Amino acid sequence: MNLRAVSVRPGRDSDAAGLIALIGRCWSDYPGCILDVEREEQKLLALATYYGERGGTLWVAEDGDAIVGMAAAMPAGSDVWEIAKLYVHPDCHGAGLAHRLLDMMEAHAAAQGAKSLTLWTDTRFIRAHRFYEKRSWVRAGPVRAIGDLSGSIEFDYVKPLDGVLQLNASAAASAERRLAEILAACVDSGASVSFLAPLSLDLARSTMRDVAQQVATGQCILLAAWSGGVLSGTVRLQLDTPQNQPHRAEICKMLVHPDARRRGLGEQLMLAAEAAAIAAGRTLLTLDTLAGSAGERLYRKLGWIEVGAIPGYSVDAAGRPEAAVMFYRNLVVATS
């Protein structure tokens, strides 16, 4: 498919037949998905009006006279917009049309003042899940049952356009690939975070899979930061401290993708981690960082107190010894 030959325009109610045919074709690849316009989807007969009345918009992609894609967006609460009805004809998969449509919807929502985005997707639409996760969306909250003829159960996906979000186990699992990419990119750019460059994506994904399990069992709190709609940073708050240290937690793997540095994400993540620690009843935080690193400068700026440096604490990719600086922060003192 030649994406340049595809035009995208505002949707019209007169597109109904083409939109219904497109959705029907997409659903046909999933057993049990039933499209009954008369009984359940009458809004498809005037979909542009439906979204227009709700302050939203509908867009249609055409290849010649054929409708090959669609997408919609509408307000879903204060500062939140919902992305909906994103469908691309199977013959167009892999051509970038879905990215183009989602780019348009996300940009439109941002221009209307959205701070975060949400969408619902059928649990059977595995290809769509991979697509959204690649685009920095994460799964959130419980599933919902629609009670329709298809017996649909849906996942909720969310994405802040900017800011920090605490990830539950479901969100952490859905963010596995993107978090692994951040970890690998940071290690390959010189970060000393337990690994040596080059770090394979497989090992990075295995590591983040273990983290999601720790989130599920309450061993750690995982925070993620978005910049411009892209998941670009993360930090963990380890809670599995010894029995005689119930008041302490350890900050580890504070990572910001090299492409998103110098935007304040590291500071946002650390402040969010401190707030999460207080909410979890932890008042003493500890961490170690590479001597002379950007991390060390950040922690000093935020008021962390140095305990001391340990020479030769780790080695770099060339086998050279590196010193680590130990820091702590007493949150009772910091917030009093």
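Every read-out reported here was derived from the displayed coordinates using simple, explicitly stated rules and does not represent laboratory data. All figures in this text were calculated on a predicted structure; none of them were measured in a lab. Using ideal geometry, Cβ is built from the backbone for each residue, glycine included, and neighbour counts are taken over all protein chains shown.
Between G18, G312, G163, the residue with the greatest mean-square fluctuation in the GNM of the chain (Cα pairs under 10 Å linked by springs) is G312. Ordering T49, T217, T286 by the number of other Cβ atoms within 10 Å of each residue's own Cβ, fewest first, gives T217, T49, T286. Across the chain, the mean sequence separation of Cα contacts (distance under 8 Å, 6 or more residues apart), normalised by length, yields a relative contact order of 10 percent. This model, with +1 at the C-beta of Lys and Arg and -1 at the C-beta of Asp and Glu, gives region 3-113 a dipole about its Cα centre of some 180 debye.
By the beta-carbon count within 10 Å of each Cβ, the least crowded to most crowded order of S200, S170, fewest first, is S200, S170.
Working from Cα pairs under 8 Å separated by at least six residues, relative contact order for region 163-335 is 19 percent. For the chain, set up a GNM with springs between Cα atoms under 10 Å and report which of Q219, Q112, Q42 has the largest fluctuation. Greatest mean-square fluctuation among the candidates belongs to Q42. Think of the chain as having a plus end and a minus end, set by charges on the Cβ of Lys, Arg, Asp and Glu; of G55, V6, T207, T207 sits farthest toward the positive end of this dipole.
When a/c reaches 1.5 or more, the comparison of a/b and b/c decides; with that in mind, is region 3-113 rounded, prolate or oblate per its Cα gyration tensor? Verdict is oblate for region 3-113. Of all lysines in the structure, those lying under 25 Å Cα to Cα from K43, and not within fewer than 8 positions of it along the same chain, are K85. Can you tell which of G96, A109, H129 lies farthest toward the positive end of the dipole of region 89-151, using +1 and -1 charges on the Cβ of basic and acidic side chains (Lys, Arg; Asp, Glu)? Checked the options; the winner is H129.
Taking the convex hull of the alpha carbon positions in the chain and averaging its projected area over all directions gives 19.9 nm². Our summary gives region 3-113 a relative contact order of 26 percent, counting only alpha carbon pairs under 8 angstrom and 6 or more residues apart. Site pair A111 and I305 shows an inter-label distance of 5.2 nm when each label is modelled 7 Å from Cα along Cα→Cβ.
All C-alpha to C-alpha distances of region 163-335, sorted into 10 Å bins beginning at zero, yield P(r) values of 10, 38, 40, 11, 0 percent in whole numbers.
Only helices enter this figure: runs of n ≥ 4 DSSP H residues, each worth -39500 (n - 2.57), summed and divided by the residues of the chain, yield -9500 deg cm²/dmol at 222 nm to the nearest 500. Here the Gaussian network model covers the chain, with springs between Cα atoms less than 10 Å apart; of V138, V88, V37, V37 fluctuates the most. Evaluated with a Cβ-only charge set (Lys, Arg +1; Asp, Glu -1), the chain carries a dipole of roughly 760 debye about its Cα centre, given to the nearest 20. From least to most packed, judged by other beta carbons within 10 angstrom and beginning with the fewest, I126, I23, I310, I251 follow the order I126, I310, I23, I251. Of all the Cα-Cα pairs you can form in region 235-298, what percent are over 12 Å apart? Result: 69 percent of Cα pairs exceed 12 Å.
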